[in-house]
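Note sheet for the following structure.
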Amino acid sequence: MKTLITEEQLRQGIDRMAQEIRRHYDGRPLTIVGVLIGSLVFLADLMRRIDLPLRLELVQARSYRGADTRPGPLALNLDLLSPDVRGRDVLLVDDIFDTGNTLWELIPQLNELGPASIRSAVLLHKENRCEVPIKPDYVAFNIPDEFVVGYGLDYRDMYRNLPFVAVLEASDREAADAETDIENMASKAEQG
Ligand code: IMP
Ligand code: MG
């Protein structure tokens with residue numbers, strides 16, 4: 001695991017972002033819509049630094065499948081959590097803007113729920129990967145095109161609990177693959 005962004009750097013980047021957000025909304029109430037699961041850790045830290053009247057809603061989006069480190073088809077789940085955003089200023093919070101397809105598909109769906117406005121904030125922005133004509137309004141860190149884990153981001157659902165952001169190396173990938181294989185074998189054995 002190669003550390004890319006330390007805990008201290010994360011703290012500073014998120015502080016800066018929280019100040020920018022507070023300046024823009026200038027005392028107006030804000031509804032944060034967090035995109036599960038990857039934004040969870042960032043979301044918890046960011047929202048505690050935003051000094052505004054604040055509501056929290058959640059939606060779920062998944063684009064990575066299994067051992068792929070490139071995005072697959074996107075599955076959005078707005079129904080399960082049905083965010084209440086009518087007439088509100090919404091800030092969509094996600095872990096990373098990679099191809100941009102997640103936000104590109106999520107924003108029109110949220111728009112149908114009648115918010116007053118929608119802006120977006122991401123912890124990480126991968127350079128030279130964008131496939132859509134939008135950009136996030138707030139970015140804490142621009143990073144090179146490498147697969148990263150930690151601080152909420154996963155590879156095969158592992159490494160979300162690292163307190164820093166790291167580049168996934170071949171040995172980490174193998175460890176996560178082995179872990180997943182062992183679990184799969186165990187559940188197959190149980191099912192007989
Ligand atoms: P996009 O739709 O291509 O912008 O991808 C956004 C989603 O893909 C993020 O919310 C993450 O869940 C996932 N993702 C993209 N790049 C990475 C990465 O380097 N590590 C872990 N997850 C990633
Ligand atoms: Mg995600």
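The values are calculated or read from the model by the stated rules, or taken from the named source; none is laboratory data. Because the structure is predicted, anything quoted here is derived from the model rather than measured. Methodologically, a virtual Cβ is constructed for each residue, glycine included, from the backbone with ideal geometry; neighbour enumeration extends over all protein chains shown.
Points worth noting:
- Count of the range 89-124 residues which are closer than 12 Å to Gly34 by Cα and polar (S, T, N, Q): 1
- The test for being within 16 Å of ligand 2 (Cβ to nearest atom), of a type in the set (Val, Ile, Thr), in contact with a strand residue (DSSP E or B) (Cβ under 6 Å, 6 or more places away or on another chain) and within 24 Å of Tyr155 (Cα to Cα) does not hold for Val41.
- Check on Leu46, out of contact with any Ser or Thr (no Cβ under 7 Å at 6 or more places or on another chain) and touching a residue at least 60 places away in the same chain (Cβ under 8 Å): yes
- Which numbered condition Pro108 fails, given (1) free of Cβ contacts under 8 Å to residues at least 24 places away in the same chain; (2) crowded, with 17+ Cβ neighbours inside 10 Å; (3) not charged (D, E, K, R): (2)
Quick grid of which residues meet (1) away from ligand 1 (no atom under 14 Å from the Cβ); (2) modelled with pLDDT under 95:
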| residue | (1), (2) |
| --- | --- |
| Pro83 | yes, yes |
| Asp94 | no, no |
| Phe97 | no, no |
| Leu106 | no, yes |
| Gly114 | yes, no |
| Arg119 | yes, no |
| Pro133 | no, no |
| Pro136 | no, no |
| Asn142 | no, no |
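- Scanning the range 166-179 for residues that are more than 9 Å from ligand 1 (Cβ to nearest atom) and either without any contact (Cβ under 8 Å) to a residue 60 or more places away in the chain or outside any loop (DSSP other than H, G, I, E, B) (or both) gives Ala166, Ala170, Ser171, Asp172, Arg173, Glu174, Ala175, Ala176, Asp177, Ala178, Glu179.
- When the range 111-129 is filtered for residues that are farther than 12 Å from Val85 by Cβ and touching a residue at least 24 places away in the same chain (Cβ under 8 Å), the ones remaining, listed by number, are Arg119, Ser120, Ala121, Val122, Leu123, Leu124, His125, Lys126, Arg129.
- Unique residue being charged (D, E, K, R) and over 24 Å from Gly13 (Cβ atoms) when the list is Glu127, Glu112: Glu112
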